[in-house]
Structures are given as C-alpha cells and as structure tokens.
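**Student:** Structure below; questions to follow.
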Amino acid sequence: RLSSFARMIKLAINKVRETWFFWIFCFCFGFAAGRLHGDVRMPWHTLAAFSLVFALLVAIWIVADAKRQQRTLSYGFSALTFFIWPVFAPFYLFQTRGIRAFLSLLGFVVAYYVSTVIGVLIGRSMT
C-alpha cells in the first residue's frame, strides 16, 4: 500500500502528464514575453495567435478529459468551448468535479505562472 504522500505525488505526476501541452504553451508564451525588453510590447498578431492556440488547447483538453471520464458532451460543446472558453471551461470543470474544480483551476493557474516565469527567465537571459 502506498502512503498518502506517495499517492499525492503519483496524482501530481498524472496531472502533469495530462496537461503537458499547457506547460509547453505557457513556457513558449513566457519565452516570447521574456525576449521583449524596455517599452517594447508583443505584436497584436502574436497575442492573437497565442489566444487562439490557448482556446484550442482548452477545447482539446475538455474533449480528452470527457473521453477519459467516459462522459458524452453535447453537440457543439467543444466549439462553444473554443469560442467562449472563459465560461464553458469552468462550467465543465464544476459539472464534472463539483467543488474539486477549484483544485483543477488552481492547478492550471500554477502551471501557467510556473512555466511562464521559467520561460521569461530563459528569454531574458538570452537578450
């Protein structure tokens, strides 16, 4: 039998394995942001591309998670998630996980900040 700490570590590893593409995306975003210096801002088309890719990743993750949990999504839910992800992604999380959705949301926030900060640090060290 595994201790509770070992189970937590195993669960954390599985969650990272399920969301590796978010980590890579956030790292790339952080790297691009870290390459900027001074008052230089990221071009609008780059921000638009990052926004579209993020929305696509959210929709892909929800479809994959629904398959993993053997849940059926209504017709067009993935398209709605792509276009209106700030509403439908939390809706899906709370529908499937209940109050534990806060842990999932916290995990995505942590993944975003950790990988973005690492990307920024590497990007700045290269300028």
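The values are calculated or read from the model by the stated rules, or taken from the named source; none is laboratory data. Note that the structure is a prediction, hence the values are computed from the model and not measured. FYI the Cβ positions are ideal-geometry reconstructions off the backbone, even for glycines, and counts take in every protein chain you see. SASA here: full protein model, heavy atoms, side chains in, ligands and nucleic acids out. Shrake-Rupley method; radii C 1.70, N 1.55, O 1.52, S 1.80 Å.
**Student:** What residue among ALA6, VAL120, VAL110 has its Cα farthest toward the positive end of the dipole of the chain, where the charges are +1 on Lys, Arg and -1 on Asp, Glu, each on the Cβ?
**Tutor:** In the chain, that residue is ALA6.
**Student:** What full-extension length gain, to one decimal in nm, is calculated for LYS10 and ALA79 as 0.36 nm per residue of separation minus the Cα-Cα distance?
**Tutor:** On the way: separation 69, 0.36 × 69 = 24.84 nm, distance 3.24 nm.
Between LYS10 and ALA79, full extension yields 21.6 nm more.
**Student:** Normalized C-alpha radius of gyration of the stretch 19-79, against 2.2 N^0.38 Å? Spell out each step's value before the answer.
**Tutor:** On the way: Rg = 15.3 Å, N = 61, 2.2 N^0.38 = 10.5 Å.
In units of the globular-protein estimate, the stretch 19-79 measures up at 1.45.
**Student:** In addition: Would you mind computing, in nm to one decimal, how far apart the modelled labels at ALA48 and ALA64 are, each placed 7 Å from Cα along Cα→Cβ?
**Tutor:** With each label point 7 Å from Cα toward Cβ, the separation is 2.7 nm.
**Student:** Quick one: compute the contact order of the chain, relative version, from alpha carbon pairs under 8 angstrom and 6+ residues apart, as a percent.
**Tutor:** Averaging sequence separation for qualifying contacts and normalising by length gives 47 percent for the chain.
**Student:** What are the principal axis extents of the Cα atoms in the stretch 60-127, in Å, biggest first?
**Tutor:** Taking the Cα atoms of the stretch 60-127, the three principal extents are 47, 25, 21 Å.
**Student:** Are there DSSP H segments in the chain that both extend 24 Å or more along their axis (alpha-carbon positions) and score a mean Kyte-Doolittle hydropathy of at least 1.0? List them, or say none. Before the final figure, lay out the partial values.
**Tutor:** Values: long enough: 44-68 (36 Å, 1.39); 101-125 (36 Å, 1.72).
For the chain, where a helix must reach 24 Å along its axis and average at least 1.0, the hits are 44-68, 101-125.
**Student:** Continuing with the same structure: Given the chain, report the % of alpha carbon pairs whose separation exceeds 18 Å.
**Tutor:** Details: 4866 of 8001 pairs.
Counting every Cα pair in the chain, those more than 18 Å apart make up 61 percent.
**Student:** I would also like to ask the following. For the chain, give the percent of accessible area contributed by carbon and sulfur heavy atoms, probe 1.4 Å, rounded to a whole number.
**Tutor:** C and S fraction of accessible area: 71 percent.
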